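Undergrad: This is the structure I have questions about; it appears just below.
Read-outs: derived from the displayed coordinates by stated rules, not from any lab. Bear in mind the structure is a predicted one, so any value in this text is a computation, not a measurement. With ideal geometry, Cβ positions are generated from the backbone for all residues, glycine too; neighbour counts draw on all protein chains shown.
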């Protein structure tokens, strides 16, 4: 009887312990203050508190610091004290989990390896490099990932796009979509799909120019990959290009705000349906630059946006007529 009561009590304490852990996990995953609905949450690790900077509400007073317990004052000291390797990545064939033997003939402590063992270390290094690629499938993956990295570096794409593109290519390889097609073509298609999935819009012309793959081949392969893998990708909107175009044209924040207002008004009048989003974004930028006193010529905007000056001229005249905007050309 006592044992049963004791076990029941232990069970309640056990459940309560995990209930507290669940609540703490929910608190740590909070991104919005429940009091003022603000997103300005800051973590104070010195006091172990999670505080809202807007209203001052303390959401948690026993936060756990997940960082290391040691200090490092430079990068070399940090590398020596770290007990883990690089994070796992899908952009490498073995996902970064294999061991790599460095080319410096030094041991872990920085001491030179004796001359007698140099030949043995050389053979170990050579075979470690060979066994990373064991068959034709892995060899094609290695070629594809090198092409993904080259294309992403040439276009200045962020790390999230590279990881997503590598994952899409791995799924396409498992579905045998690479058979009968070039590795570079499928890799370029994966980059284009990843850009759309991560809301980093790049046009087909930009990707075709960087990859030296015909635009039609990329579009044809993209349709096949998206249907086979079930990728749910929404069409790009003109607002997705505004930030990049404003940075390249060195516009101020007023031009960006005015451009977004023009795009909203054009979408409300259904002037954007059935037209190229880049052409609409370029025309809206031209109108906003004129209204805000930061005029750029149509040729300058056309060179940055990748559309023709004729397209910008036709779109801005249509917007000016339907939105009652007075522009002096």
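Undergrad: When only C-alpha pairs under 8 Å and at least 6 residues apart count, what is the relative contact order of the chain, in percent?
TA: Answer for the chain is 8 percent.
Undergrad: Moving to a separate point now. How high is the FRET efficiency between residue 240 and residue 146 when r is their beta carbon distance and R₀ equals 30 Å, given to the nearest 0.05?
TA: 0.60
Undergrad: Return one number: the angle in degrees, 0 to 90 and rounded to the nearest 10, between the long axis of the Cα atoms of helix 215-229 and the longest principal axis of the Cα atoms of the chain.
TA: 50 degrees
Undergrad: For the chain, what is the mean residue ellipticity at 222 nm derived from helices alone (per DSSP H run of n ≥ 4: -39500 (n - 2.57); sum divided by total residues; nearest 500 deg cm²/dmol)?
TA: After summing the helix terms and dividing by the residues of the chain, the value is -18000 deg cm²/dmol.
Undergrad: Could I ask something else about it? Assign one of three labels to the chain, namely rounded, prolate or oblate, based on the Cα gyration tensor with a ≥ b ≥ c the square roots of its eigenvalues; rounded applies when a/c is under 1.5, prolate when it is not and a/b is larger than b/c, and oblate otherwise.
TA: Note, shape of the chain comes out oblate.
Undergrad: Take the alpha carbon atoms of the stretch 285-329, find their center, do the same for the stretch 218-253, and report the distance between the two centers in whole angstrom.
TA: 21 Å
Undergrad: Where is the GNM fluctuation largest for the chain (alpha-carbon springs, 10 angstrom cutoff): 112, 302, 172?
TA: Comparing 112, 302, 172 in a Gaussian network model of the chain, the most mobile one is 112.
Undergrad: Running a GNM on the chain with Cα contacts under 10 Å, which residue among 57, 233, 174 ends up with the highest mean-square fluctuation?
TA: 57
Undergrad: Can you work out the PRE-style zone for residue 139? Point 7 Å along Cα to Cβ, and I want the residues of the stretch 161-204 with backbone N under 15 Å.
TA: Answer for this model: 183.
Undergrad: Say we join alpha carbon atoms closer than 10 Å with springs in a Gaussian network model of the chain; which of 39, 105, 314 then has the biggest fluctuation?
TA: 39
Undergrad: Which of rounded, prolate, oblate describes the stretch 136-229, given a ≥ b ≥ c as roots of the alpha-carbon gyration tensor eigenvalues and a/c under 1.5 marking rounded, otherwise prolate only if a/b is larger than b/c?
TA: Judged from the Cα gyration tensor, the stretch 136-229 comes out rounded (a/c under 1.5).
Undergrad: Between 0 and 90 degrees, rounded to the nearest ten: what's the tilt of helix 118-130 against the longest Cα principal axis of the chain?
TA: Compared with the principal axis, the helix lies near 50 degrees.
Undergrad: If you take the square roots of the eigenvalues of the alpha-carbon gyration tensor of the stretch 234-329 and sort them as a ≥ b ≥ c, do you get rounded (a/c under 1.5), prolate (a/b over b/c) or oblate?
TA: rounded
Undergrad: Now, a different point. Working from Cα positions, state the angle (0 to 90°, nearest 10) between the long axis of helix 309-322 and the longest principal axis of the chain.
TA: Once rounded, one gets 80 degrees.
Undergrad: Taking 7 Å along the Cα-to-C-beta vector as the label spot, tell me the residue 273-residue 247 distance in nanometres, rounded to one decimal.
TA: 3.3 nm
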